[in-house]
Amino acid sequence: MWLILFLTFIVAFIIYLKLKYFTFRSSVPGLPPQFLFGNLLQTGLFKGNSLPQIYTSLRNRFGDIYQLQLGLFHAFIISNIDDIQHIFNHRHIYDQSDWAVKLAGILFPNCLITVKGAKHKRHAAVIMPLFRRAKSISNFDSIIDCTEKLLENWRTFSNDHIHCDIVQQCQNLLLQIFGLIAFDYDLETINGSNTNELTQTLSNLSDVLEQTIFLPNFISRIYTIFSSQYRRDRATAERYLYRMIEQELTKTAESRAQRKKTSLIASLVDSLQTDEIAEAKKSEEEKKGKL
């Protein structure tokens, strides 16, 4: 009797999971998800296919809008540049996706991509203006200098040398540019020495995100609790960030007011409220100070 009840419960639970998480209920096209895996096996993600390759393949097959199920995580993928531009130009209508919040929210709970609602708008009001074209032009010299350094490194090799890591080097270039523009900090990624502690820490955190991004939330939460490496890397990143904030606070208010137009760290420090107790009493929509 108990065995029959147990088997009935297991079958009912499997049916529930199938209907709840692995059944599409929309007319938007997509690969039919497989039980427990979604589209992980069908897309070849476990075989080494990158997400850009998967997105391109599915776009060619289903068009600009399609569904994608990676494990328990379901998303509608929009790949038409005009649609994407419309969404980002009307953020007062379109809220932050739940997908990014679920995927990375446990590891990085206060990132721009893992917060929603008023908190996201407060973050974006400080961060996003710095990445507009008009603000990027003022940092053009830094961008050119970093690019020239990378090209100089390439020129040291013979003409017959084949660079097999250009993608990685270009990613390092972007990280170097971002570090200088955002935090006035040299991450030393162009020389490829891997001796910079903060750079290595960011690399470790990126690896953790790649390893846990499609795991169930409870497993990711367990990892954050018991992984000493993750806790150590996060503490290191916070230590460097607080050090940058302290250095920025030593500068004059006039200097920060001028630099906040082109420097993320100056903009962040300038947004800190002076009365934390009063700020904490405000509703989420009214808060404008500390992020």
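Here, each number is a calculation from the coordinates, and none is a lab measurement. Predicted model only: the values in this text are computed from it and were never measured. Every residue, glycine as well, gets a Cβ built from its backbone with ideal geometry; the counts of neighbours run over all protein chains shown.
Structure above, values below:
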quantity	calculated
Residue exposure sequence - CYS146, CYS170 - by fewest surrounding Cβ within 10 Å	CYS170, CYS146
Among LEU72, ILE143, LEU17 - extreme Cα towards positive end, dipole of the chain, charges at beta-carbon	LEU17
The chain: DSSP helices with Cα axial extent of at least 27 Å and average Kyte-Doolittle hydropathy no lower than 1.0	2-21
Reciprocal of mean inverse Cα separation for the stretch 2-94 (Kirkwood radius, Å)	15.2 Å
Helix-derived mean residue ellipticity, 222 nm - over the chain, DSSP H n ≥ 4, -39500 (n - 2.57), to 500	-17500 deg cm²/dmol
Packing-based exposure ordering (other Cβ within 10 Å, fewest first) of THR56, THR201	THR56, THR201
Only Lys, Arg (+1) and Asp, Glu (-1) charged, at Cβ; the stretch 129-280 dipole about Cα centre in debye	320 debye
All Cα pairs of the stretch 105-180, percent lying beyond 17 Å	62 percent
Between the stretch 170-204 and the stretch 89-159, the Cα center-to-center distance that results, in Å	14 Å
Entries of LYS116/LYS261; LYS18/LYS119; LYS20/LYS102; LYS102/LYS260; LYS20/LYS116 with Cα pairs more than 28 Å apart	LYS18/LYS119; LYS102/LYS260
Square roots of five times the Cα gyration tensor eigenvalues for the chain, Å	38, 27, 21
Exposure proxy order (Cβ contacts within 10 Å, fewest to most) of ARG91, ARG256	ARG91, ARG256
Among 153-163, 97-107, 39-49, the order from most to least packed when residues are scored by Cβ within 10 Å on average	97-107, 39-49, 153-163
